[in-house]
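**Student:** Next up is a structure, given as structure tokens.
Laboratory data are not the source of any read-out in this text; all were calculated from the coordinates shown. It should be emphasised that the depicted structure is a prediction, and the values quoted were computed from it without experimental measurement.
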Amino acid sequence: MTVCLHFNRLEHAGSVNALPVFFAKRRVLRTLLAALPALFIGLMALSEPAHADFRLCNNTGSRVGVAIGYKDAEGWTTEGWWNISARSCDTLLRGALVARYYYIYAVDYDRGGEWSGHAFMCSREKEFTIRGTENCLARGYDRTGYFEVDTQEQRSWTVQLTDTAEQPVDRPLPPRGGPPPRMPPGAGPPPPPGVGLSPPPPLGTNKEGLRR
């Protein structure tokens, strides 16, 4: 009974010869409907820009507070604080990176200690956004040593903060593109080689200055 009714509908629409065409069209329609979700997801992925952020992952067992320094088209800026839980990550700056070198200072809230360096910039205990790296103390801020992060001119970068992640620096390191570090009051440049050293003993004497 069902088959007869089905054929009667087709005969009203055209002829019995239309049956193969009808089923073929229905198969094509089903295929298109099944492919629509995947096609939609693919188009959405193409329309979304690739993520390009500066992130920091706290791989320690403590909560940490993080500040960042960087130079953009308007000059030097320092910002803080990001409070990052243990074993978690956070995005410090969103979008494509605007510089190669960034600077990080972090403190361990639970066990004490810090991750610091010798690129001195401004900070303060409360949340801050500070323009400029000079005259921090005179402007009422703290003068803090940040460690340098070389992103190698990548569009995005993630810093891995670990228990041994302090960045050792052999010499005072001014921020790239910034002014040279200031000498402490009363300090001068190092003496040239040989200045301040005792002259060697004359020939014919031993190291105590006594003649042989």
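**Student:** With θ set to phi - 60°, apply the Karplus curve 6.51 cos²θ - 1.76 cosθ + 1.60 along segment 54-71 and write out the HN-Hα couplings as whole Hz, x wherever there is a Gly or Pro.
**Tutor:** 9, 10, 9, 10, 8, 8, 8, x, 10, 7, 10, x, 10, 10, 10, x, 7, 10
**Student:** For segment 81-143, what does the equivalent ellipsoid look like in terms of its semi-axes, each the square root of 5 times an eigenvalue of the Cα gyration tensor, given largest first in whole Å?
**Tutor:** 21, 18, 11
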